[in-house]
Amino acid sequence: MRNVTQTQPLPLLKSPPPRSTHLSFVICHLSFLLLLASAAIAEDSAAQPEITPAQVKPHVFHLSQPALEGRGTRQGKRLATNYLIEQFKAIGLEPLFDGKYVQTIPGPDTEDGKSTYVGHNLGAWLPGSDPALKDEIVILSAHYDHLGKVGDKIFPGADDNASSVAMMLEVARQIKRDKTAPRRSIAFLAFDLEENLLWGSTWFAAHMPWKMEQVKLFITADLLGRPLGDLPLPLVFVMGAEHSTGLRSLVEATPRPKGIEPAFLGIDLVGNRSDYVSFRDARTPFLFFSSGQHPDYHTPNDLPERIDYDRLAQISTLILGVCRQVTQADTTPQWTRQPERSLDEIRALNRITTLVLKLDDEHAAGREKLTTTQRSVAVNLHNLTAKILKRGQLLSSDRLWLIPSAQAMLLTVF
Ligand SMILES: [Zn+2]
């Protein structure tokens, strides 16, 4: 469509038509051009993510600046929590914990009986507008803590997990601005102590302002800002949908900006990697979004300059769409004991291993050669997924091999 406007004027221009027809000719020509232009603008805005790179970037830079000491020291966490509470207030969200934004996570009492704390979860919410649905809760969360300092080395944690905290803040801002208020209530949680055995979300799940059965969907995200292994892959992994009826189709029905593709993987392929664990174990529908690990994961090089902000904006816009759908829908996904499996998961894994091996064969610039172990792990998973795809059917017995092979791949190669 667009190409036509730039180069090809209408063929009718060969011999000038008589005056009266000339005017109508000019008018219809102009309206046609206007039509093309508005379509181009519409297409461009459709391609543009609703949440923009300019909106998420400042949060990532602020949260991963050296002064916040990798959000692992008391000083660093205090500065991070102040910033997040300011953001919750600026967006116009209500405090979640009895008029406060902070949920203190207690530590052991001192010998003389003084209470101590080990951390602080932060929470805010938007009460639902529908009297029949306002007591049903959707949770969007991201952990804000990170590894802090080791000696004089700071671990800035731009991708882990300032990227997802930025997503959560900007999703909250858009939903607060929406003309149609959410029918169900939606809460926004910034968990502490994820790096410490998921303690923050575990404490929260046991000390919520609601009953677990009121939570209709728990969404969390981790490592959104860079593609898996820094591979040229437009994939964002969506995990956990297999455990609830209608959840995968809800995500698939969500409009998504160009440049990003959801790839559904079984949560069992990654194990207990982030704050969804307490909700999965309570059989509460959940979704875990992640772009996967990369070479700077849990190193001092996880810097804000290395984040792909277009990707982060696109994924944030996708998650915004999911939150809108589930807070407005008449019904919500239901937990199912029998996980729904699909060959798409195998296709995604096969696509990743194909690319990894191809780049390794080409010894692509800027990429280290795979070690013998890494290569054999990638080849193993590649052959396994190719065999399943050739068979065209996923057997339950396949998971016996798939899980350790995929975990080995995700943990050793990236
Ligand atoms: Zn993390």
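The values are calculated or read from the model by the stated rules, or taken from the named source; none is laboratory data. Nothing here was measured: the structure is a model prediction, and the numbers come from that model. Because the Cβ atoms are built from the backbone with ideal geometry, glycine has one as well, and the counts that use them run over all protein chains shown. All accessible areas refer to the heavy atoms of the entire protein, side chains included, with ligands and DNA or RNA removed. Shrake-Rupley method; radii C 1.70, N 1.55, O 1.52, S 1.80 Å.
Please go through the range 241-272 and give me each residue that is within 16 Å of the ligand (Cβ to nearest atom) and surrounded by 18 or more Cβ atoms within 10 Å (Cβ to Cβ), ordered by number.
Scanning the range 241-272 gives Ile267, Val270.
Considering only residues of the range 197-208 that are assigned to a loop (DSSP other than H, G, I, E, B) and more than 16 Å from the ligand (Cβ to nearest atom), which is surrounded by the most Cβ atoms within 10 Å (Cβ to Cβ)?
Met208
Within 16 Å of the ligand (Cβ to nearest atom), open to solvent by less than 20 Å² (accessible area, probe 1.4 Å) and touching a Leu at 6+ places or on another chain (Cβ under 6 Å): is that true of Leu224 in this structure?
Against the criterion (within 16 Å of the ligand (Cβ to nearest atom), open to solvent by less than 20 Å² (accessible area, probe 1.4 Å) and touching a Leu at 6+ places or on another chain (Cβ under 6 Å)), Leu224 qualifies.
Give me a count of the residues in the range 273-291 that are among the acidic types (Asp, Glu) and within 16 Å of the ligand (Cβ to nearest atom).
Summing the residues that are among the acidic types (Asp, Glu) and within 16 Å of the ligand (Cβ to nearest atom) in the range 273-291 gives 1.
Of the numbered conditions (1) of a type in the set (Asp, Glu); (2) within 29 Å of Ile175 (Cα to Cα); (3) under 21 Å from the mean Cα position of the chain (by Cα), Asp344 fails exactly one; give the number of that condition.
With respect to (1) of a type in the set (Asp, Glu); (2) within 29 Å of Ile175 (Cα to Cα); (3) under 21 Å from the mean Cα position of the chain (by Cα), Asp344 is out only on (2).
Being part of a helix (DSSP H, G or I) and either open to solvent by 30 Å² or more (accessible area, probe 1.4 Å) or of a type outside the set (Asp, Glu) (or both): is that true of Thr331 here?
no
Rundown of residues vs (1) within 16 Å of the ligand (Cβ to nearest atom); (2) buried (at least 24 other Cβ atoms within 10 Å of the Cβ), yes/no style:
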{"residue": "Ala132", "(1), (2)": "no, no"}
{"residue": "Ser141", "(1), (2)": "yes, yes"}
{"residue": "Phe155", "(1), (2)": "yes, no"}
{"residue": "Ala166", "(1), (2)": "yes, yes"}
{"residue": "Lys176", "(1), (2)": "no, no"}
{"residue": "Thr180", "(1), (2)": "no, no"}
{"residue": "Ile186", "(1), (2)": "no, yes"}
{"residue": "Asp192", "(1), (2)": "yes, yes"}
{"residue": "Glu195", "(1), (2)": "yes, no"}
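Considering only the range 246-253, I want to know if a residue exists there that is in contact with a Phe, Trp or Tyr (Cβ under 6 Å, 6 or more places away or on another chain) and either aliphatic (A, V, I, L, M) or free of Cβ contacts under 8 Å to residues at least 12 places away in the same chain (or both).
Within the range 246-253, none of the residues are in contact with a Phe, Trp or Tyr (Cβ under 6 Å, 6 or more places away or on another chain) and either aliphatic (A, V, I, L, M) or free of Cβ contacts under 8 Å to residues at least 12 places away in the same chain (or both).
Rundown of residues vs (1) of a type in the set (A, V, I, L, M); (2) closer than 28 Å to Gly157 by Cβ; (3) free of Cβ contacts under 8 Å to residues at least 12 places away in the same chain, yes/no style:
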{"position": "Val322", "(1), (2), (3)": "yes, yes, no"}
{"position": "Trp335", "(1), (2), (3)": "no, no, no"}
{"position": "Thr371", "(1), (2), (3)": "no, yes, yes"}
{"position": "Thr385", "(1), (2), (3)": "no, no, no"}
{"position": "Leu410", "(1), (2), (3)": "yes, yes, no"}
{"position": "Val413", "(1), (2), (3)": "yes, yes, no"}
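Checking Tyr83 against (1) within 27 Å of Arg273 (Cβ to Cβ); (2) more than 16 Å from the ligand (Cβ to nearest atom); (3) open to solvent by 50 Å² or more (accessible area, probe 1.4 Å): exactly one of these is not met. Which one?
Among (1) within 27 Å of Arg273 (Cβ to Cβ); (2) more than 16 Å from the ligand (Cβ to nearest atom); (3) open to solvent by 50 Å² or more (accessible area, probe 1.4 Å), the lone unmet condition for Tyr83 is (3).
I'm told Thr104 meets every condition in (1) of a type in the set (S, T, N, Q); (2) more than 14 Å from the ligand (Cβ to nearest atom); (3) assigned to a strand (DSSP E or B); (4) open to solvent by less than 40 Å² (accessible area, probe 1.4 Å) except one. Can you identify the failing condition by its number?
All conditions pass for Thr104, except number (4).
Does Asp159 count as open to solvent by 40 Å² or more (accessible area, probe 1.4 Å), within 24 Å of Leu287 (Cα to Cα) and at pLDDT 95 or above?
no
Can you tell me which residues in the range 147-179 are touching a Ser or Thr at 6+ places or on another chain (Cβ under 8 Å) and part of a loop (DSSP other than H, G, I, E, B)?
Pro156, Gly157
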